[in-house]
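Enquirer: Please see the structure below; I have some questions.
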Amino acid sequence: MQTLEKPTALAGTYGECVAEFFGTMILILFGDGCVATFALFTKLGPGGGPTPFANEWIVIILGWGLAVMLGIYVAGAISGAHINPAVTVALAARNRFPWNKVLPYCVAQILGAFVAAAILYFVYQGAIVNAIGSFNIADPVHGVGGVFYTAPKAFVGTFGAFCDEFVGTALLVGLILAIVDARNQPVQGNLNPLIIGLLIVAIGASFGLNTGYAINPARDLGPRLWIAIVSGGESFAVNNVYFWIPIVAPLLGGVAGAFIYDFTIGKVLEARGLTKSGATTTEGRAVRQEPAVE
């Protein structure tokens, strides 16, 4: 006689939060890791000049694109790999995700980013000390807080920074919905993490330089909280006019992107009576192609 195994917490929301934690941790380890390569190794080339290639913006946009791709591959089949509170809130706002899971997911994402920042801080400790000397890590002139969290360029005002993060996240969420919509040329063979990674590259190339394109509240807040611990709170003090923007603007932009997609392209697909393509099924962000039946 077979006995049914008792479901464990890992089979429910707790397990999904574990996936979100590690997916986001992977995202920040590779994402902020590439920023560390960009920012901490700029004077090690011949004659003290910039290190070849490492000081190029292409390193940032490719690094973050690959980071998102890898984070989705880690968590996709378990939680849908939101790895971004803006995605979680936007999906809930469109009734694609239960509201009672929003807070646990967001907490897991922020914790994952926080832990990743702590790991990077210790891995790059030598390079950080070499770059800042005796200055505070979050010092606005001599510090390297930008390795861990975003900041606007000196000529970018509050309104411009808000618009940049809002538009970037609206594009992110709206295009994610287009990519995973099984009615609309869905990506086959579970390649959607790669395509979403390329979407991050495109957003970085087009909207990245104004603020560093957080487009993810956990990506900015988690590392900023870690640096607040090691800097005596300076990571918030130096950006007291800005630090709320990479939290609020992505949340609002993500919701806007979801609504725009659902009430434009989504409505067109519905009006045309299009159904899911072949045997493709969509689970969160994970798109699966079922094997063909002979």
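Read the figures in this text as sums done on the coordinates, not as results from a lab. Please read these numbers as outputs of a predicted model, since none were measured by experiment. Because the Cβ atoms are built from the backbone with ideal geometry, glycine has one as well, and the counts that use them run over all protein chains shown.
Enquirer: Set Lys and Arg Cβ to +1 and Asp and Glu Cβ to -1, take the dipole of the chain about its Cα centre, and tell me which of VAL141, PRO7, GLY65 lies farthest positive.
Expert: PRO7
Enquirer: Sticking with this structure for a sec: Mind checking the dipole of the chain: about its Cα centre, +1 per Lys or Arg Cβ, -1 per Asp or Glu Cβ, Debye to the nearest 20? Don't skip to the answer; put the middle values down first.
Expert: Values: 14 positive and 16 negative charges, 60 e Å.
So the dipole magnitude of the chain works out to roughly 280 debye.
Enquirer: Among residues other than ASP262 whose Cβ falls under 13 Å from its Cβ, what is the net charge (Lys/Arg +1, Asp/Glu -1)? Working shown, then result.
Expert: Details: positive: ARG94, ARG96, ARG183, LYS267; negative: ASP181, GLU270.
Result for the neighbourhood of ASP262: +2.
Enquirer: For helix 102-123, what angle does its Cα long axis make with the longest principal axis of the chain, in degrees from 0 to 90 and rounded to 10?
Expert: Orientation of helix 102-123: about 40 degrees from the principal axis.
Enquirer: Taking amide hydrogens as modeled 1.01 Å from N in the peptide plane, which residues meet the under 5 Å criterion relative to PHE97, leaving out close sequence neighbours?
Expert: Here the answer is ALA92, since their amide H atoms fall under 5 Å of that of PHE97.
Enquirer: Can I ask one more? Treating the angle as unsigned and between 0 and 90°, give the value, to the nearest 10°, between the Cα long axis of helix 13-40 and the longest Cα principal axis of the chain.
Expert: Once rounded, one gets 40 degrees.
Enquirer: Further, regarding this structure: Provide the convex hull volume over Cα atoms per residue for the chain, in Å³. Before the final figure, lay out each step's value.
Expert: Numbers: hull volume 49.8 nm³, N = 294.
It is 169 Å³ per residue.
Enquirer: I'd like the orientation of helix 192-207 relative to the chain: the angle between its Cα long axis and the longest Cα principal axis, in ° from 0 to 90, rounded to 10.
Expert: Its long axis makes an angle of about 40 degrees.
Enquirer: Give me a comma-separated list of calculated 3J(HN,Hα) values for region 221-228, in order, Karplus coefficients 6.51, -1.76, 1.60 applied at θ = phi - 60°, integers in Hz, x for any Gly or Pro.
Expert: Residue by residue, region 221-228 yields 5, x, x, 5, 5, 5, 5, 4 Hz.
Enquirer: Can I ask one more? What is the chain's relative contact order, in percent, from Cα pairs under 8 angstrom and six or more apart in sequence?
Expert: On the way: 503 pairs, mean separation 73.8, N = 294.
Reported as a whole number, the value is 25 percent.
Enquirer: When you count, for each residue, the other Cβ atoms within 10 Å and take the mean per peptide, how do 108-121, 130-143, 79-92 rank with the highest first?
Expert: On the way: 108-121: 23.8, 130-143: 14.9, 79-92: 28.0.
Averaged packing, sorted descending, gives the order 79-92, 108-121, 130-143.
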